[in-house]
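The values are calculated or read from the model by the stated rules, or taken from the named source; none is laboratory data. Quantities reported herein were computed from a predicted structural model and do not represent experimental measurements. Here the Cβ positions follow ideal geometry from the backbone for every residue, glycine too, while neighbour counts run over all protein chains shown. Side chains are part of the model used for accessible areas, which takes the heavy atoms of the whole protein and leaves out ligands, DNA and RNA. Shrake-Rupley method; radii C 1.70, N 1.55, O 1.52, S 1.80 Å.
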Amino acid sequence: RYEPTWGSLDARPLPAWFDEAKFGVFIHWGVFSVPSFGSEWFWWYWQKEKREPYVKFMDTNYPPGFSYEDFGPLFTAEFFDANQWADILKASGAKYVVLTSKHHEGFTLWGSKYSWNWNAVDVGPKRDLVAELATSVRNRTDLHFGLYHSLFEWFNPLFLEDATNAFKTRKFPTSKSLPELYEIVTKYQPEIIWSDGDGNAPDTYWNSTGFLAWLYNDSPVRDTVVTNDRWGAGSICAHGGFYTCSDRYNPGRLLPHKWENCMTIDRSSWGYRRDARLPDYLAIEDLVKQLAETVSCGGNLLMNIGPTHDGRIAVVFEERLRQVGAWLKVNGEAIYGTKPWRAQNDTATPGVWYTFSPKEGKVNAIFLSWPVSGILELGEPQAKLGETQVKLAGYKELLKWVALGEKGMVIALPQLTPQQLPCQWGWTLQLTDIN
């Protein structure tokens, strides 16, 4: 049994499915999807920091005295079709999904009995959005279902009182935050608890170790659940399950601890923004590059989309997800279930990232630009004459190659028209019998 101490909890092995999955989709959805302007931090920027664009937006478009709470009934979700979302998630090639069950605004997407009249069953959709998505994902896909949960809430009076008392009192975690966590685990049995928002309070204030000990010992998901590292000030990148370290974390090197790169398709917001323009969205080439870099360095990629207040996944997000899925159909063997190789990227040619498939004993070299010469030089692999074989994923015939001294090889790529290429945006060479 795990003790409620970091020493004991950190010794828990991460369930193997998470490292094998490699790719997940993050969904930021909530009342912030109604103004859908600037950022999911809309309430804070408007009311607390009084940032000019937010204040002006409200003054221009809403009547005087309009409060953030007034956005609640406008979060309507009339077009939300959980089956359709599940089908898009499946088509993306993702192996897990993480939904914001509650963001820093405190609005829960399920009918929490600890969030009276500020939840999706009492206000707005009048539906249990968490339950609907969980059911569809489980019925229609093989994705693992996960939930994001914010520990703190910007304007909750109980939290503000505790903060004023320098967190010597614990009214908020005992009456709101912790009961919600127990509630979502018991009710929806998520296989990921993605915690966030410590409000600068230590993990002792949140009783994070007490909750995690219950989660790992006695909860209905104790054997399969994975957690992140955001459990109180000072715990990030130091304690918990996998490390996130920061948003959009992509170190570009191998780390000793399992980690995740959570990032956004919209460069500047996690929530949906009506004011976003096309250059604000990462192109599919950027996303494939992030995936290759992250996985080769031992990380998972958690790619975020922000649905609209009426429950649609905007077409631009759907297209990106389906493009990643199309790429993974051809190159998935170089991603899923792989381990980092002895080299992460190539020394001779930039934009080449390595992964290793332990079952097949294959080294995968993912290259992001097709050389004009049709010749690809790799500085890292040590090839063996008469033994090493080189394949292009999605192409039948073996490729010709020449060894370069002690280390390195030159590979002749097939001469293909753009229509004959097995995929776009990045390709995989599969090398077998490499030293």
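Looking at the range 308-326, can you tell me whether even one residue there is open to solvent by less than 50 Å² (accessible area, probe 1.4 Å), in a strand (DSSP E or B), more than 30 Å from ALA343 (Cα to Cα) and assigned by the TED database to the domain that holds PHE152? Checked the range 308-326: no residue is open to solvent by less than 50 Å² (accessible area, probe 1.4 Å), in a strand (DSSP E or B), more than 30 Å from ALA343 (Cα to Cα) and assigned by the TED database to the domain that holds PHE152. Scanning the range 89-105 for residues that are out of contact with any strand residue (DSSP E or B) (no Cβ under 8 Å at 6 or more places or on another chain) and under 18 Å from HIS309 (Cβ atoms) yields one hit, GLU105.
Taking the criterion of being within 21 Å of SER92 (Cα to Cα) and open to solvent by 20 Å² or more (accessible area, probe 1.4 Å), the residues of the range 12-52 that qualify are TRP17, ASP19, GLU20.
Here is a list: PHE107, PHE79. Which entry is among the hydrophobic types (A, V, I, L, M, F, W, C), out of contact with any His (no Cβ under 6 Å at 6 or more places or on another chain), open to solvent by 10 Å² or more (accessible area, probe 1.4 Å) and at pLDDT 95 or above? Exactly one of PHE107, PHE79 is among the hydrophobic types (A, V, I, L, M, F, W, C), out of contact with any His (no Cβ under 6 Å at 6 or more places or on another chain), open to solvent by 10 Å² or more (accessible area, probe 1.4 Å) and at pLDDT 95 or above, namely PHE79. Out of ALA343, ALA276, one residue alone is outside the structural domain of ALA82 (by the TED database), at pLDDT 95 or above, open to solvent by less than 50 Å² (accessible area, probe 1.4 Å) and assigned to a loop (DSSP other than H, G, I, E, B). It is ALA343. More than 15 Å from the chain's Cα centre (by Cα), of a type in the set (Val, Ile, Thr), open to solvent by less than 10 Å² (accessible area, probe 1.4 Å) and more than 21 Å from VAL390 (Cβ to Cβ): is that true of THR294 in this structure? Taking the combined requirement at face value, the residue does not satisfy it.
Of all the numbered requirements in (1) assigned to a helix (DSSP H, G or I); (2) without any contact (Cβ under 8 Å) to a residue 24 or more places away in the chain; (3) among the aliphatic types (A, V, I, L, M), ALA11 misses one, and that requirement is (1). Scan the range 165-175 and tell me whether some residue there is in contact (Cβ under 8 Å) with a residue 40 or more places away in the chain and surrounded by fewer than 21 Cβ atoms within 10 Å (Cβ to Cβ). Yes: the range 165-175 contains one or more residues that are in contact (Cβ under 8 Å) with a residue 40 or more places away in the chain and surrounded by fewer than 21 Cβ atoms within 10 Å (Cβ to Cβ). Applying the criterion of being free of Cβ contacts under 8 Å to residues at least 60 places away in the same chain, part of a helix (DSSP H, G or I) and not aromatic (Phe, Trp, Tyr) to the residues of the range 176-197, the residue that is surrounded by the most Cβ atoms within 10 Å (Cβ to Cβ) is SER177. You will find that of ASP286, ASP229, the residue that is of a type in the set (Asp, Glu), open to solvent by less than 10 Å² (accessible area, probe 1.4 Å) and at pLDDT 95 or above is ASP229 and no other. For the range 37-56, residues that are assigned to a loop (DSSP other than H, G, I, E, B) and closer than 19 Å to THR308 by Cα total 5.
Taking the range 1-11 as the range and being hydroxyl-bearing (Ser, Thr, Tyr) and open to solvent by less than 40 Å² (accessible area, probe 1.4 Å) as the test, only SER8 passes.
Residue-by-condition table, conditions (1) in contact (Cβ under 8 Å) with a residue 12 or more places away in the chain; (2) acidic (Asp, Glu); (3) outside any loop (DSSP other than H, G, I, E, B):
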position: ASN250; (1), (2), (3): yes, no, no
position: ARG253; (1), (2), (3): yes, no, no
position: ASP286; (1), (2), (3): no, yes, yes
position: GLU293; (1), (2), (3): yes, yes, yes
position: LEU301; (1), (2), (3): yes, no, yes
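Among the residues of the range 136-156 satisfying the criterion of being assigned to a helix (DSSP H, G or I) and out of contact with any strand residue (DSSP E or B) (no Cβ under 8 Å at 6 or more places or on another chain), which is least open to solvent (accessible area, probe 1.4 Å)? Only one residue tops the list, namely SER136.
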